[in-house]
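Some notes on the structure that comes next.
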Amino acid sequence: MTEPLLSIRELRVEFPTRRGILTAVDGVSFDIAPGEVLGVVGESGAGKSLTGAAIIGLLDPPGRIAGGEVLLKGQRIDNLPPEGLRRIRGKRIGMVFQDPLTSLNPLFRIGEQLIETIQLHTGMNAAQARDRAIALLVDVGIPAAERRIDAYPYQFSGGMRQRVVLALALAADPELIIADEPTTALDVSVQAQIIALMKRLCREHNVAIMLITHDMGVIAETADRVAVMYAGRIAEIGPVRDVIGRAHHPYTQGLMGSIPTLTATAERLTQIPGSMPRLTDIPTGCAFNPRCPHVFDRCRVERPELLPAERTLAACWLYAADRRATA
Amino acid sequence: MSTAIVEQPNEVFAGTAGPLVKVDHLTCVFDVSRPWLERTLAGAPKQMLTAVADLSFEIARRETFALVGESGSGKSTVARMVVGLLSPTAGQVTIDGVSMSDPRLAAAREKLRRRIQMIFQDPFASLNPRWRVDRIVAEPIRAFGITRNDAEVEARVSELLKLVRLDPADGRKYPHEFSGGQRQRIAIARALSANPEFIVCDEPTSALDVSVQAQILNLMRDLQDRLGLTYLFISHNLAVVRHMATRIGVMYLGRLVEVAPARDIFAHPRHPYTRMLLDAVPDLAMAGRQRKPVDGETPNPIAPPPGCPFHPRCPFAAERCRTERPHAIVTGSVSVACHAVEEGRI
Ligand SMILES: Nc1ncnc2c1ncn2[C@@H]1O[C@H](COP(=O)(O)OP(=O)(O)O)[C@@H](O)[C@H]1O
Ligand SMILES: Nc1ncnc2c1ncn2[C@@H]1O[C@H](COP(=O)(O)OP(=O)(O)O)[C@@H](O)[C@H]1O
Ligand code: SF4
Ligand code: SF4
Ligand SMILES: [Mg+2]
Ligand SMILES: [Mg+2]
């Protein structure tokens, strides 16, 4: 395998609170290959956004990285001084959030914002940067880009704004884009357009995408591989078809069965009893054990690591070597 | 004993012939002009927004009729008119033969109110945060005078909490002590407490995680079977609608473009907008699929396109579509408003 573009090793994010330290991301590890789309999926509170924010050094205090490493092309970036991280953000790692107005300043014309970003990272002069800005807007599908470049964000629809944010994220030719729920606020027809656009940009610009979403359908359409998060940990990770079609972790299996689809014929949806634990009372051992139909003694005391299960890795003791031998 | 009160299906009305709900040419126009003085100074005209236009459909007893469409298509406005929270600009809603707007039927309508309930997307906003759960659930029982005996009310609340799979002891807690899914259960228990037969559900699971959504959708189906409920189920999520509905109406810019049995609409979508919607939904079975998304976004409802409102985005649009509004053509159990379908072009 080629060297990973991004490598996360045992990442831990903590919040000190009055009632003690909360661990919101707990020992998360994964790689993203150049040009790959890695989906990160899970229910709200699973730790998806914090994982993304930790990678680019945008954790809001008092949240902090309490352990682990983040490597970009083999170079550690989690321990860089703030100035060093700021240079990487925007230049080598672009960002897209659910609300386009997180990235766009409503008081400035979109052209000004694009040109500023391009000049900051590339050293082009103003005229060159403007040409590049127009080219980027054309690339992300803004009609009449030469005229629209002088419009303000409020003059764009939600879908068009998200296209502008993608142009902004691409401005400095990054190697990776971290997109946190980029289509969640959009209607399905516009969402489909943005998904198609992201796939094309990923291909044509050879940029990798870490796609964070709670929507498994979006992942199915877009991602090459997917990591399923539960209670701050990765429950299962693997090729998207395998995780969706042949899940091995009991949580992933339950999750897939609970999603209504356009083709399934089941009268009832699979039900996982209970709900994801709060950070203040994550069970010992496997975090899923109180809800798991296959729980056994070991699950309550020892935390499972990611174990090979056919083509995926599942954090579940059912796939421990001794058990598989007897199964 | 108390179980009997709660679980008594609505036999009384189940025998009556005809649809339970009839919606005729329902229209709602909002005045969205700037304030009068400002408008006069700027010489700006009045601005009217047609949120719902000439909508007609029927809901049979014990069925789930779903309205689906993208945001702003008018679904919630229909819901509010159907339960009587909003007066229609034109047209009317008739429930069990009683017009919801005829002033002469005020007394009959008052009786009808108990039989109609609503569940909203945000269960938190609809639950009084300062009331304990048992008081919240009991409120309709007292308001509609179903019983005033405290012991009976208490027994009934505890049955209702069990019915929605909560612990009767939860009645002593406040809404903020519950998760989103549990709050939606509380809202359902309250909606059921006056023994209604028709429940309007506006995006009841849209704020919930998928695993919690599955619990609520399963619960709603169980309750329908046990209590003989009729649902108007509103959602922007086609997969959810497919799972729940017997019949589906697809809305675009305030209009119904297609109404058909759920099975039909997913197997053979007829209206070009329905086809586009179905093609746009990301689906689990679609990993690795390539497709061509439709261009454009929903136009401004203040100035909708003339003729067929979908024509600027429609791959089948012809000259006629740009000037003449298509009317619903009924064939069997399916109703479609599209010139191309009428002409047999698609
Ligand atoms: N500033 C904070 N203080 C304390 N807990 C936080 C803070 N920000 C996030 N969390 C908690 O961390 C967990 C993970 O959050 P997040 O990464 O946003 O989840 P996701 O994006 O998967 O929905 C949640 O339980 C959330 O409540
Ligand atoms: N009270 C109101 N005043 C003005 N416009 C409204 C009002 N309520 C809804 N609208 C408008 O009516 C249209 C339909 O809204 P709504 O029924 O909420 O749609 P949906 O529920 O399908 O998203 C939208 O364009 C919305 O902005
Ligand atoms: S480790 Fe045990 S409790 Fe956890 S998912 Fe596997 S079987 Fe279930
Ligand atoms: S009436 Fe014409 S524009 Fe409208 S949906 Fe049918 S073919 Fe398309
Ligand atoms: Mg998030
Ligand atoms: Mg609505």
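The values are calculated or read from the model by the stated rules, or taken from the named source; none is laboratory data. Keep in mind that what you see is a predicted model, and the values were worked out from it rather than measured. Virtual Cβ from ideal backbone geometry, glycine too; neighbours counted across all protein chains shown. Protein only, heavy atoms only, side chains kept; ligands, DNA and RNA dropped before computing areas. Shrake-Rupley method; radii C 1.70, N 1.55, O 1.52, S 1.80 Å.
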Original post:
Which numbered condition trips up A:Ala196, out of (1) away from ligand 5 (no atom under 16 Å from the Cβ); (2) under 16 Å from B:Asp209 (Cβ atoms); (3) among the aliphatic types (A, V, I, L, M)?
Top reply: (2)
Original post:
Is one or more of the residues making up segment A:277-287 within 16 Å of ligand 1 (Cβ to nearest atom), without any contact (Cβ under 8 Å) to a residue 24 or more places away in the chain and open to solvent by less than 70 Å² (accessible area, probe 1.4 Å)?
Top reply: yes
Original post:
Restricting to strands (runs of 3 or more DSSP E) lying wholly in segment B:197-274: which have 1 or more residues that are touching a residue at least 60 places away in the same chain (Cβ under 8 Å), over 13 Å from the mean Cα position of the chain (by Cα) and under 30 Å from B:Ala317 (Cα atoms)?
Top reply: B:247-252, B:255-261
Original post:
Which one is most open to solvent (accessible area, probe 1.4 Å) among residues in segment A:207-226 that are more than 16 Å from A:Ile259 (Cα to Cα) and either within 16 Å of ligand 3 (Cβ to nearest atom) or facing chain B (nearest Cβ under 10 Å) (or both)?
Top reply: A:Asp224
**OP:** Tell me, yes or no, whether segment B:304-313 has at least one residue that is more than 16 Å from ligand 3 (Cβ to nearest atom), exposed (fewer than 15 other Cβ atoms within 10 Å of the Cβ), away from chain A (no Cβ under 14 Å) and in a loop (DSSP other than H, G, I, E, B).
**Re:** yes
Original post:
What residue, among those in segment A:79-114 that are open to solvent by 50 Å² or more (accessible area, probe 1.4 Å) and in a helix (DSSP H, G or I), is modelled with the highest pLDDT?
Top reply: A:Glu112
Original post:
For segment B:154-177, which residues satisfy the criterion of being basic (Lys, Arg) and in contact (Cβ under 8 Å) with a residue 40 or more places away in the chain?
Top reply: B:Arg156, B:Arg165, B:Arg172, B:Lys173
**OP:** Return the pairs, sorted by first residue and then second, in which the second residue is surrounded by fewer than 18 Cβ atoms within 10 Å (Cβ to Cβ) and in a helix (DSSP H, G or I), the first residue lies in segment A:238-258 and is facing chain B (nearest Cβ under 8 Å), the beta carbons are less than 6 Å apart, and the residues are 6+ apart or on different chains.
**Re:** none
Original post:
Is it the case that some residue within segment A:135-143 is more than 14 Å from chain B (Cβ to nearest Cβ), within 16 Å of ligand 5 (Cβ to nearest atom) and open to solvent by less than 80 Å² (accessible area, probe 1.4 Å)?
Top reply: no
Subject >> Condition met for B:Arg255 (over 18 Å from B:Ser335 (Cα atoms) and basic (Lys, Arg)) >> reply: no
Original post:
Among A:Ala126, A:Ala171, which is the only one that is surrounded by fewer than 19 Cβ atoms within 10 Å (Cβ to Cβ), away from ligand 3 (no atom under 16 Å from the Cβ) and small (Gly, Ala, Ser)?
Top reply: A:Ala126
Original post:
Out of segment A:260-274, which residues are more than 7 Å from chain B (Cβ to nearest Cβ) and either modelled with pLDDT of 85 or more or closer than 16 Å to B:Gly181 by Cα (or both)?
Top reply: A:Pro273, A:Gly274
